[in-house]
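Rule-based calculations on the coordinates, nothing more; no lab input. Keep in mind that what you see is a predicted model, and the values were worked out from it rather than measured. Please note: Cβ atoms are built from the backbone with ideal geometry, for glycine as well, and neighbour counts cover all protein chains shown.
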Amino acid sequence: MAYSRAHKRLNMIRQNGQGETVGERLIGLEKECLRVSAEGTISQRPHPRALGAALTNPVITTDFSEALLEIVTPPFNDVRETLDFLCQAQRFVHANLEDGEFLWSTSMPCVLNGESSIRVAQYGSSNAGRMKTIYRDGLGLRYGKSMQVIAGVHFNFSFSDSFWRYYRELAGSTLNETDFISEQYFHLIRNLLRYGWLVPYLFGASPAICKTFLGDRPKPPEMDVYNHNTYYERYGTSLRMGDIGYTNKKEGDAGARADYSAVAPFVGCLYEALTRPHEKFSRLGLKNAAGEYQQLSTTLLQIENEYYSTVRPKQIPDGNEMPMLALLRRGVRYVELRSLDVNAYHPLGISEEQVRFVEILMLFALCQESPLLSDAEQKKIDYNMNAVAHRGREPGLCLHTCERGEIPLRDYGSELMDAMTPFAEFLDSVYGSDVFSASLLAQKAKFLDPNLTPSAHMIEEMLEQDGSFYGFALRKSLEHKAYFEQKSVNAGIEAMLREQAATSLQKQAAMEAADTQSLDAYLADYFKQLRCDELAAYREANGR
């Protein structure tokens, strides 16, 4: 059977009474959302001081744009604590916005008045802050600004140390604990890539865009005109994850491709991309005519985060340590799933039902067989993700597999839901509830009836309201604003958020006062890490 390994592993976990160690996992969320003006256009105001310093506040920061907020929860063992924290943080943000601003409810952005209306995020005058802004300047220069203000929700997940000790014993591995954990996280990641198309199909909520998103670019041929200010794709689920979003295709065309077989090959691919000169980016120039940095480097990638993937292995860097060196030195600490659209139908941007399903998927992906990815399979993975993003609800759509050829999406999805059913039942038993089985049943229904998907609901609501994407998103945004205005305050979280904001401003000021190094020297020291001993083998292999 195709899923016999997964079910065998699950039975061993169950029979050995390891439900408690599985239940010790941690889940954190990162939600991006645009600040918009009272008129529904992207905000031109600076990051509100009441929210603290974006550079040093670990909870409320910014992503590409000054207007693109990112709210980061700590990891919690209780999913409801994670969601409550996210809720309280958004309530806090809304309470501290100015001049009628509010948060946009969808992944695809609000009205954009050209790329000049997208202000790149500012992090102050310290070298660390200037580096973050220069990196974003480089992204805008290389790929354009519009795609950088698409928002999403990132799902951070880790199993507990006690679970890994048991699972290593179960696997009979002779690897040390760190190497075993990393091996298993990459095993999980490969399956998240294989089955990752499930996420945009089930939860995709970006089948339409405001015409201003494209600027002067022509309408993509696969898009239809909805009305004078909206384009959409009839069967689209998540245009954010398709060709118009910031996806692997951008780097794939330039030749970057991560190797998900293990930590060392993964780091080797990143090293190669960080050190390989790129003709187009070299022509753009490291600095502008005024002698100011406009990108961090002229190589294929400026830093590791420029490589987009739907899932990333993560380790927490130590100070200014490069993320890939953190991985190489201490292994994988958690995985970050990045393919969730902002849920326009929920004020938080993600529902408990979604979180429960992703948790089922994580455990299934760990237990299921996970051979290494060949180039042929990677192409099929890319095809499936793009096909689902643009045509996921199309009747008769087939997905590609290596072993079984083409499979109708409806059949493949239903099959996977059935394969995951024992995992949902097991997690129900761990937590003493039926929330996992209920979530899985809700997702299975979407394969029997695509009209139950959020993308279908969006298109239907736009048609019923005789409106547009802008009208739909504005209506939901204002509904969510009212929700947070009426939400009761959790005094403990509120006090923590205020303290974090105040402390972050102090930290940024201290960093700026302590800087004595020139920016040139600071960047040289940062990239000097590429010459460290741990990367010697990659330098030799690449002739660098």
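Farthest towards the positive end of the charge dipole of the chain, among the residues Val22, Asn127, Thr212, is the Cα of Asn127, using unit charges on the Cβ of Lys, Arg, Asp and Glu. Annotation for the range 192-300: chymotrypsin sites (Phe, Trp or Tyr not before Pro) lying in DSSP loop with at most 13 further Cβ atoms inside 10 Å of their Cβ do not exist.
Computed from backbone phi with θ = phi - 60° and the Karplus coefficients 6.51, -1.76 and 1.60, the 3J(HN,Hα) list for the range 156-164 is 9, 9, 9, 7, 7, 4, 5, 5, 5 Hz; x is used for glycine and proline. Shown here for the range 13-65: trypsin sites (Lys or Arg not before Pro) in loop regions (DSSP other than H, G, I, E, B) with at most 16 other Cβ atoms within 10 Å, of which there are none. Divide the volume of the convex hull around the Cα atoms of the range 141-265 by the residue count and you get 149 Å³ per residue. Label zone of Asn16 (point 7 Å out along Cα→Cβ, amide N under 20 Å): in the range 169-192 this covers 169-189.
What you get for the chain, charging only the Cβ of Lys and Arg (+1) and of Asp and Glu (-1), is a dipole of about 760 debye around the Cα centre. Here is the list for the range 76-179: GluC sites (Glu not before Pro) lying in DSSP coil, each with at most 13 other C-beta atoms within 10 angstrom of its C-beta, are Glu98.
Extents of the range 153-219, largest first, come to 57, 22, 19 Å (Cα atoms, principal axes, whole angstrom).
Spin-label model, Lys287 to Asp520: label points 7 Å out along the Cα-to-beta-carbon direction sit 0.6 nm apart. Label reach from Asp224 (point 7 Å along Cα→C-beta): in the range 375-402, amide nitrogens under 13 Å belong to 391, 393-395. Per-residue packing, averaged as other Cβ atoms within 10 Å, sorts the ranges 370-382, 507-519 into the order 370-382, 507-519, beginning with the highest.
The convex hull built on the alpha-carbon positions of the range 390-515 has an orientation-averaged projected area of 15.3 nm². For the peptides 425-433, 145-153, the ranking by packing is 145-153, 425-433, with the highest mean count of neighbouring Cβ atoms within 10 Å listed first.
The order of Leu202, Leu170, Leu193, going from fewest to most other C-beta atoms within 10 Å of their C-beta, is Leu170, Leu193, Leu202.
I want to make sure I understand the PRE zone here: with the label point 7 angstrom from the Cα of Cys532 toward its beta carbon, which residues in the range 295-321 have backbone N atoms less than 13 Å away? 315-321, by backbone N distance to the label point.
Note that the range 102-118 has calculated 3J(HN,Hα) couplings of 8, 9, 6, 8, 10, 5, 6, x, 6, 5, 10, 9, x, 5, 5, 7, 9 Hz, one per residue in order, obtained from phi through the Karplus relation 6.51 cos²θ - 1.76 cosθ + 1.60 (θ = phi - 60°); glycine and proline are x. Between Arg539 and Arg234, the simple spin-label model (points 7 angstrom out along Cα→Cβ) gives 5.8 nm.
Listed values for the range 192-208 are Karplus-derived 3J(HN,Hα) couplings in whole Hz (6.51 cos²θ - 1.76 cosθ + 1.60, θ = phi - 60°), namely 5, 6, 4, 9, x, 4, 4, 5, x, 5, 6, 10, x, 9, 9, x, 9, and x replaces Gly and Pro.
Hey, how much of the P(r) for the range 261-419 falls beyond 23 Å, as a percent of Cα pairs? Within the range 261-419, distances greater than 23 Å cover 57 percent of Cα pairs.
Look at the alpha carbon pairs under 8 Å that are at least 6 residues apart: their mean separation over the length of the chain gives a relative contact order of 22 percent.
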